[in-house]
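Take a look at the structure set out below.
The values are calculated or read from the model by the stated rules, or taken from the named source; none is laboratory data. Not measured: the values here are computed from a predicted model. Cβ atoms come from the backbone with ideal geometry, glycine included; neighbour counts cover every protein chain shown. Just so you know, the surface numbers come from the protein's heavy atoms only, side chains and all, with ligands and any DNA or RNA stripped out. Shrake-Rupley method; radii C 1.70, N 1.55, O 1.52, S 1.80 Å.
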Amino acid sequence: MPPEAAAVGPAVEPPCGGVAAQRAHLREGKAALLARFGAARATAPAAARLVKALARHVDATLCALWVQAGMPAGAALIAVGGYGRGELFPYSDVDVLVLLPAAPARPDATDTTCVPDEETSAAVGRFVTACWDVGLEIGSSVRTVDECLSESARDVTVQTALLEARQLCGARRLFRQFVAAHDAAVDARAFLRAKTLEMQQRHVKYEGTPYSLEPNCKESPGGLRDLQVVIWVARAAGLGRTWGELAARGLITPFEARQLRRHEGMLKLIRARLHLVARRREDRLVFDLQTATAESFGFKATKEQRSSEVLMRHYYWAAKAVAQLNQILMLNIEEHVNGSANAPMRPINERFFDRAGMLEVASDDLYQEQPHAILETFVVFQQTPGLKGLSARTLRALYNARAVMTAAWRRDPANRALFLAVLQQPGGQTHALRLMNQTSVLGRYLWVFRRIVGRMQHDLFHVYTVDQHIMMVVRNMRRFFIPEHAHEYPFCSQLAGQWDTPWLLYVAALFHDIAKGRGGDHSDLGTVEARRFCRAHGISREHSQLIEFLVQHHLTMSRVAQKEDLADADVIANFARLVGTPRRLTALYLLTVADIRGTSPRVWNAWKGKLLEDLYRTTLRALGGAQPNGAAEIEARKTEARQNLALHSALPGTEVPLWETLDVGYFARHDAADIAWHARSLWRHIETRVPIVRARASTVGDGLQVLVYSPDRRDLFARICGYFDSAGFSILDAKIHTTRAGYALDTFQVVATHHWPDLGGGADAELKYRDLISLVETQAALALASEGPLPEPRSGRVSRRVRSFPVTPRVSLAPDERAQHWLLTVSASDRSGLLYAIARVLASHHINLQLAKVTTLGERVEDTFLVDGPELQKSRAQLRIESELLDAVAAGV
């Protein structure tokens, strides 16, 4: 070994035998390290020892191969990127740079690119091949110092990787030359700007929150990368290479340095354990791996929470702290690099300044000396135009003031008045509350809120932790009152414009899910917490009762709209009695829309919006004293339908043949537009012997409305569901009706579960829609005309999330209030073919379907059917039907 290689090489070398021996040494050494780590108690020091030991193990192998390859004495082997930090996670990349000395310059040379001589090229080839032969899948580059500088200037990713260069073996002098040249070439200001933009882009890619339910512990906001970015920009600016050096330079306090090491240790431990469990490079805490990773920590499931929830609480608390400290340090470094620390300040009051659009505290100990100023910070932020955020000094002061936020501080009347002031400001509630949550002030003021920070929700339709979902609901509620967002929710914005005390709705939004995860009904427990809050903050009895009502019943309106028959006057009357007043109805409607929109982008759709709006309008009429007059309402719908027919140039009397076969129930369940469409489509086919299928673009949101008219048969609904399933459609709603002449007249609202061609505007879109409609009409009619046995349901594919957190299937069969029909409720994990599987069971027992309400909540379905049939009158047959339904919905999960 050359003297210089020996000086920096590891003390223990791998065997110098053949490839097989070296491969075995590398594999067995790594396996021993991983086994020792897996058997040890899960602690941050254990993870730190592992990643350093893995790096040393690979160092030794690389240096031995370097010598065996006969690399020239003037070259150097450099570890770069994450490996350059002297840390290697179990399945991380091994990136190296073969640094070559510059070739002697030729007088006539115009190309400065170094081309190694044949001997050097052969040695490099032998070295790289040997690495792969022994099982080291390295990422390698071969450059001179000048080439490194040139590439670094063009690509900030290369510049970042080279910033962490560490010599493994070879020419020490060449390495020192490279480090000096590279450090001198780095433009700290440009590097800071590039890394800041890169970090912002990365945060957007990973949902902009540390609280994703499947976070990437390396790349997500609050992950390890956020800590690495701080060190990179600090090194580039010459401010330090470690947390200790940053503390010595005064950029962070000793307390912050300890917190950084603590949370970095937790994230490294989670990442190392995750690699160990996955047995591959996997930095995402996906649902499939959360439980196994949690168990590797020794976490156990309890009645209250899963083991994975314990793990994720630890992760979220660490990630939240890292996100806070990253923001403080990046702003602090920016002030040093850009010189904005000396920017002029405009006084706002005695305690706060405006420094270049950032809210700055007057002194570092402001919050210790005047604890009331903590909440005043956010009131001032809302009231002062032009402020973009909190300065590094203010963020640090809040971070270090947590010991001040005690029970006595929470009970202080002045602080209670300030918190209400945040909610009652003309605007800025969303930003203020998010800042309060990010800085941990919200959880320390509302202690009950602290209990749900980072709490996961395994209900298959929430995609945020409880605290982030609440923030989303507050945001949605606030947007109803902002004119610039009126196009998003026009009807909600119209109602909000007539509401005089929006802050009451913000309080209800804050408390609606605040009791999640305690066991018991979170609506009941949340109502108790809301009552305590109102009493402590001196909120009037009238306002308190409204807030309590909203928290208690925040799920009720959604349940009624999506599961009950809105054409039933008794359903509307019961709901009207519950809400009591138009004011409560409006508040509940706004909270319901905000809540559903805040669960997941996949849960809300225009059809659900229509159901809620229909329920609101019908209930409002009932609350206004309008007595249900079914006959008058049906006549009004018929009149409107005739007008609609005239607009479509239909001959007078077109509707008569169909309407003569229909009863009152049909007209009660369909609006005038649908009634007219049915009459136009079917007036020539009243006595058809073959199925008639008509489709049109949905009048509500995306998808199609499909009309099926056919001689009735017991398996008709099952065949319809089978067709939609095979064609890739999901049924959102079904209205089932049987005419007096024995014909089925069914209307379906469907959406495609796959991607149809873009159906945007223009004549071309109309053509595409016509093609799709024609295809559905033809294929569905053929499927319904089939006389063969019903095909077996397809084995439905379920998502990773459903596999990780399956819903226990539930089936309920009970008579309705009038004892005329039966109410069948099915709850299960969603999968393709589920509705068809249910329909096959019903058909096999000759059960007639009157109404279907199909509700999809993310990846959970809750379907309600109004059914009748002779077998339902027999207890033993009922049990058999329920058992078969449970088997059908559980299949494939």
(request) Scan the stretch 648-673 for residues that are within 42 Å of the chain's Cα centre (by Cα) and buried (at least 20 other Cβ atoms within 10 Å of the Cβ) and report the count. (result) 3
(message) If Phe352 satisfies all but one of (1) of a type in the set (A, V, I, L, M, F, W, C); (2) at pLDDT below 95; (3) farther than 22 Å from Trp232 by Cβ, what's the number of the condition it fails?
(response) (2)
(request) Give the residue, chosen from Asp93, Asp59, that is modelled with pLDDT of 95 or more and either crowded, with 18+ Cβ neighbours inside 10 Å or not aliphatic (A, V, I, L, M) (or both). (result) Asp59
(request) Identify, from the list Ala530, Ala508, the residue that is buried (at least 18 other Cβ atoms within 10 Å of the Cβ), touching a residue at least 40 places away in the same chain (Cβ under 8 Å) and part of a helix (DSSP H, G or I). (result) Ala508
(message) All but one of (1) at pLDDT 90 or above; (2) within 30 Å of Val507 (Cα to Cα); (3) not in a helix (DSSP H, G or I) hold for Trp604; state the number of the condition that does not hold.
(response) (1)
(message) Going by what's in this entry, would Pro14 be described as closer than 27 Å to Arg271 by Cβ and at pLDDT below 95?
(response) yes
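One line per residue, one yes/no per condition, for (1) out of contact with any Lys or Arg (no Cβ under 9 Å at 6 or more places or on another chain); (2) in a helix (DSSP H, G or I); (3) buried (at least 21 other Cβ atoms within 10 Å of the Cβ); (4) modelled with pLDDT of 75 or more:
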site: Leu790; (1), (2), (3), (4): no, no, no, yes
site: Gly796; (1), (2), (3), (4): no, no, no, no
site: Thr808; (1), (2), (3), (4): yes, no, no, yes
site: Thr825; (1), (2), (3), (4): no, no, no, yes
site: Leu851; (1), (2), (3), (4): no, no, yes, yes
site: Thr856; (1), (2), (3), (4): no, no, yes, no
site: Asp863; (1), (2), (3), (4): no, no, yes, yes
site: Ile881; (1), (2), (3), (4): yes, yes, yes, yes
site: Val893; (1), (2), (3), (4): no, no, no, no
(request) Select from the stretch 24-56 the residues that are small (Gly, Ala, Ser) and under 15 Å from Val277 (Cα atoms) and write down the one among them that is most open to solvent (accessible area, probe 1.4 Å). (result) Ala39
(request) Considering each residue of the stretch 128-138, count those that are open to solvent by 30 Å² or more (accessible area, probe 1.4 Å) and either β-branched (Val, Ile, Thr) or under 16 Å from Gly81 (Cβ atoms) (or both), and give that number. (result) 3
(message) Of everything in the stretch 627-667, what is of a type in the set (Val, Ile, Thr) and at pLDDT 90 or above? Give them in sequence order.
(response) Thr639, Thr654, Val656, Thr661
(request) Run Gln498 past the list (1) more than 27 Å from the chain's Cα centre (by Cα); (2) surrounded by fewer than 20 Cβ atoms within 10 Å (Cβ to Cβ); (3) part of a helix (DSSP H, G or I) and report the number of the one that doesn't hold. (result) (3)
(request) Could you tell me whether any residue of the stretch 725-737 is without any contact (Cβ under 8 Å) to a residue 40 or more places away in the chain, open to solvent by 30 Å² or more (accessible area, probe 1.4 Å), hydroxyl-bearing (Ser, Thr, Tyr) and over 23 Å from Gly788 (Cα atoms)? (result) no
(request) Can you confirm whether the stretch 612-632 contains a residue that is touching a Ser or Thr at 6+ places or on another chain (Cβ under 9 Å), closer than 22 Å to Ile731 by Cα and in contact (Cβ under 8 Å) with a residue 40 or more places away in the chain? (result) yes
(request) Any chance you could count how many residues in the stretch 163-174 are in a helix (DSSP H, G or I), touching a helix residue (DSSP H, G or I) at 6+ places or on another chain (Cβ under 7 Å) and either surrounded by fewer than 21 Cβ atoms within 10 Å (Cβ to Cβ) or at pLDDT 95 or above (or both)? (result) 1
(message) Regarding the stretch 463-482, can at least one residue be identified that is of a type outside the set (Ser, Thr, Tyr), farther than 17 Å from Ala323 by Cβ and modelled with pLDDT under 85?
(response) yes
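Residues checked against (1) basic (Lys, Arg); (2) within 26 Å of Gly339 (Cα to Cα); (3) in a loop (DSSP other than H, G, I, E, B); (4) open to solvent by 30 Å² or more (accessible area, probe 1.4 Å):
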{"residue": "Arg176", "(1), (2), (3), (4)": "yes, no, no, yes"}
{"residue": "Glu198", "(1), (2), (3), (4)": "no, yes, no, yes"}
{"residue": "Val204", "(1), (2), (3), (4)": "no, no, no, yes"}
{"residue": "Pro210", "(1), (2), (3), (4)": "no, no, yes, no"}
{"residue": "Glu214", "(1), (2), (3), (4)": "no, no, yes, yes"}
{"residue": "Gly222", "(1), (2), (3), (4)": "no, no, yes, no"}
(request) Name every residue in the stretch 547-567 that is of a type in the set (A, V, I, L, M, F, W, C), surrounded by 23 or more Cβ atoms within 10 Å (Cβ to Cβ) and closer than 13 Å to Phe511 by Cα, in order of residue number. (result) Ile547, Leu550, Val551
